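FYI, it's all coordinate maths here, none of it is from the lab. Quick caveat, the model's predicted, so the values are computed rather than measured. Reconstructed Cβ throughout: ideal geometry from the backbone, glycine too, with neighbour counts over all protein chains shown.
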Amino acid sequence: MILATATLLGLSLRVAACAGDHLHTHQAREYLERREYPQVPLTPPYRPLVWGDLNVIHTTDTHGWLLGHQKLSWAEPYYSGDLGDFSSFVTHMKQIAIDKDVDLLLIDSGDLHDGTGLSDGYPPGGVDAYESNKFLERLPYDLMTIGNHELYVYADTYDMYTNFAPHLAGRYLTSNVNITVFNSAGEPESVPVGSRYAKFTTRKGRRITSLGVIFNFTQNDVNTTVQTVENMVKEQWFIEAIAEEPDVFVLIGHMPVSNDSWPTVFNAVRAVHPLTPILIFGGHTHIRDCQQYDGRSMALESGRYMETIGIKLGADLNAAKDNHDDITFTRRYLDQNRVTYQYHTQTSNQTFDTGDGRSITYGLEALAARFNLSYLYGTAHQDYTLNQNPYPSNGSLLSLFIEDAAPYALAINNTRGSNPNIIIINSSALRFDLFNGTFTRNDQFAIMQYKDTFLYIANVPSGIANQVLSAMNKPTATKRKRDETEILSREINDTPDSALLEEMNDRPGVGGQEAASSNWTFGYVTKDSCPDTDHADDTLHTALPHYKVPHYISSIPPNVATDIPIDVVFLDHLGKKIIGILNSLQKDKNYTMHDVSLYSPTLSSDVLGLYAQAMWN
């Protein structure tokens with residue numbers, strides 16, 4: 001079921017040697033045996049799913065994690081299923097829905113790009129996620145929508161418009177997102193990336209109206225347009241789209257279900273249809289979350305990185321037609337692994353895999369080999385985490401990066417490497433943990449995929465330079481509301497809101513950190529805002545520790561006198577902020593962007609690889 005990274009990616013090379021996506025018989029047998037029998041025991045779900053009239057399987061923020069999580073540190077094995085396993089699960093669930101004579105939809109809420117080597121490891125001249133998205137196209141998604149990571153680069157958006165959206169046949173929804181393309185007359189024209197909305201009828205004859213919305217995103221590339229949610233609901237097309245009452249509205253969007261603009265969309269629909277059931281599927285903040293805006297609706301958010309599969313097991317919608325009563329909805333957050341899948345489909349290793357599921361797995365392995373994702377930089381001898389260890393500490397990835405790796409890597413072939421400096425980054429530039437064992441090219445992409453440059457301002461008095469970090473981390477400077485545009489910008493790289501995670505981690509109840517049962521293992525413990533909150537997680541876990549980290553971190557300041565000039569080094573997108581703070585700390589010099597220069601040819605995405613090659617071999 002789960003492979004050690006070296007074994008898994010080593011096999012990728014052998015897979016690539018075979019013709020197409022096929023494996024030789026002995027290779028297939030070896031591969032399946034290793035996948036199907038885990039190296040660590042996984043606790044199964046503790047009760048079956050409860051089906052309703054309308055049921056939904058939901059994914060969001062997959063970010064290229066299509067080969068699943070391959071490390072053995074907790075809680076990674078619980079997310080070890082790959083897209084092939086998920087495909088097999090969906091196939092079985094679709095058949096179960098037919099047997100039960102109910103509806104089952106498959107829905108995704110965006111952000112397919114930027115996250116692992118499968119999406120980001122393409123060779124020069126390629127397009128992000130062009131290859132990995134081909135495997136998602138093979139799943140029977142009923143509805144999908146666009147995320148902000150589909151909008152940072154025009155080429156990515158254009159690929160979604162020309163290649164990906166057509167596969168959904170009108171069900172890739174971009175209600176408030178346009179792309180500018182040349183029309184048949186050779187003139188530029190702004191058109192929806194996908195479709196504004198969709199109306200369709202389910203297998204059971206249930207009439208559905210759907211929209212696909214993104215939050216008020218402002219960091220999109222040129223020739224793409226994001227309309228505010230507030231303006232979108234005033235559009236004539238929107239008014240006409242919701243005018244006819246369906247049996248249920250299914251609203252999807254790359255937007256948090258808490259503290260964002262979903263109430264704007266919800267209230268616009270409710271103003272026309274006060275009693276129609278409304279199902280909402282959100283994303284973006286990478287958490288398990290649920291909200292009910294009234295008694296006949298439910299909004300679900302299903303985590304990140306192929307760790308969570310959200311399932312909304314709907315209600316007795318048939319009965320809801322005849323009364324005004326509240327509807328009882330259920331939801332479940334599934335750990336993404338074969339033990340979970342086989343439990344809920346009542347299959348075994350011999351009966352679970354479908355032909356298409358295995359084909360997807362083999363194809364992803366071949367793609368990993370083609371992108372050379374198994375390239376080994378070195379072997380880490382412990383875990384380094386973003387939040388499970390305090391910062392600073394020996395187990396903190398932030399400490400490792402800013403105190404050891406960055407100073408080493410940025411000094412390579414650098415004429416200013418001998419000058420004293422202080423290096424400043426935003427802590428959220430790192431997106432994932434670094435685990436004990438092999439550190440590969442794929443791990444490098446997962447931890448820091450953006451290719452940011454390091455800039456510097458020379459000869460800043462040490463006494464001034466050493467005040468910059470504390471000024472950046474002042475509460476007035478770093479305070480963010482989750483519904484403000486800034487927290488949704490690329491600067492924070494879409495990591496979950498730390499205050500919210502800490503709050504969820506501290507809530508008492510079943511499975512909290514106080515749980516000590518030897519039968520429980522580390523993993524997600526969710527306390528959302530919907531009813532029956534203690535039973536939302538599909539598998540019982542003990543919560544992993546979670547420590548606060550500052551918004552900005554720095555290397556250890558040089559031990560020099562306050563008047564000694566040093567270099568202030570920083571990631572490129574922090575330039576204006578750094579300049580503003582320097583000017584607020586002193587009046588002897590007015591700093592501008594003309595004082596900023598390139599510090600090193602080393603990119604942020606290369607730092608850990610260079611360090612591992614030197615220190616972990």
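Could you give me the ³J(HN,Hα) list for region 542-553, computed from phi with Karplus coefficients 6.51, -1.76, 1.60 and θ = phi - 60°, whole Hz, x at Gly and Pro?
Each residue's phi maps through the Karplus curve to give 9, 5, 5, x, 9, 10, 5, 10, x, 5, 10, 9 Hz.
Rg/Rh for region 331-371: what does it come to with C-alpha atoms and Rh from Kirkwood?
The Rg/Rh ratio comes out at 1.09.
Quick one: what does P(r) look like for region 100-259 with 10 Å bins over all Cα pairs, in whole %?
Reading upward from the zero bin: 10, 38, 35, 14, 2, 0.
Please compute the contact order of region 520-606 in relative form: average sequence separation of alpha-carbon pairs under 8 Å and at least six residues apart, divided by the residue count, as a percent.
Averaging sequence separation for qualifying contacts and normalising by length gives 18 percent for region 520-606.
Would you mind getting the Kirkwood hydrodynamic radius of region 282-328 from its Cα pairs, rounded to one decimal in Å?
12.1
Can you tell me what percent of all Cα-Cα pairs in region 5-370 are more than 29 Å apart?
Across region 5-370, Cα pairs with separations above 29 Å total 41 percent.
Given H placed 1.01 Å from N in the peptide plane, which residues other than close sequence neighbours of residue 566 have an amide H under 5 Å from its amide H?
Counting only residues 5 or more places away or on other chains, the set is 459, 460, 462.
Apply the Karplus curve 6.51 cos²θ - 1.76 cosθ + 1.60, θ = phi - 60°, to the phi angles in region 408-425 and return the couplings in whole Hz, x for Gly and Pro.
5, 5, 6, 7, 5, 6, 10, 5, 9, x, 8, 6, x, 8, 10, 10, 10, 9
Rounded to the nearest 500 deg cm²/dmol, what is the calculated helix-only ellipticity per residue at 222 nm for the chain, with -39500 (n - 2.57) per DSSP H run of length n ≥ 4?
-7000 deg cm²/dmol, from helical runs alone.
Loop-only chymotrypsin sites (Phe, Trp or Tyr not before Pro) in region 39-93, please: DSSP not H, G, I, E or B, and at most 13 other Cβ atoms within 10 Å.
For chymotrypsin sites (Phe, Trp or Tyr not before Pro) across region 39-93 that sit outside H, G, I, E and B with at most 13 neighbouring Cβ atoms in 10 Å, the list reads 46.
With just the Cα atoms of the chain, tell me how far they stretch along each of the three principal axes, in Å, largest first.
Rounded to whole Å, the extents work out to 78, 60, 60 Å.
Between region 367-397 and region 41-112, how far is it from one alpha carbon centroid to the other, in angstrom?
About 26 Å separates the Cα centre of region 367-397 from the one of region 41-112.
Return a whole-number percent for the relative contact order of the chain, with Cα pairs under 8 Å and 6 or more residues apart as the contact set.
Relative contact order for the chain comes out at 17 percent.
In sequence order, what are the phi-derived ³J(HN,Hα) couplings for region 67-72 according to the Karplus relation 6.51 cos²θ - 1.76 cosθ + 1.60 with θ = phi - 60°, rounded to whole Hz, with x for glycine and proline?
So the Karplus estimates, Gly and Pro as x, are 8, x, 9, 10, 8, 9 Hz.
Please report the relative contact order for region 79-171, taking Cα pairs under 8 Å with a sequence separation of at least 6, and give it as a percent rounded to a whole number.
27
Which net charge results for the neighbourhood of residue 73, defined as the other residues with beta-carbon distances under 9 angstrom from its beta-carbon, given Lys and Arg at +1 and Asp and Glu at -1?
Here the charged neighbours net out to -2.
Would you work out if region 392-461 is rounded, prolate or oblate? Take a ≥ b ≥ c from the square roots of the eigenvalues of the alpha-carbon gyration tensor; rounded if a/c is under 1.5, else prolate when a/b is larger than b/c, oblate otherwise.
Prolate.
Let me know the charge dipole size of the chain about its Cα centre in debye, to the nearest 20, where only the beta-carbon of Lys, Arg (+1) and Asp, Glu (-1) is charged.
380
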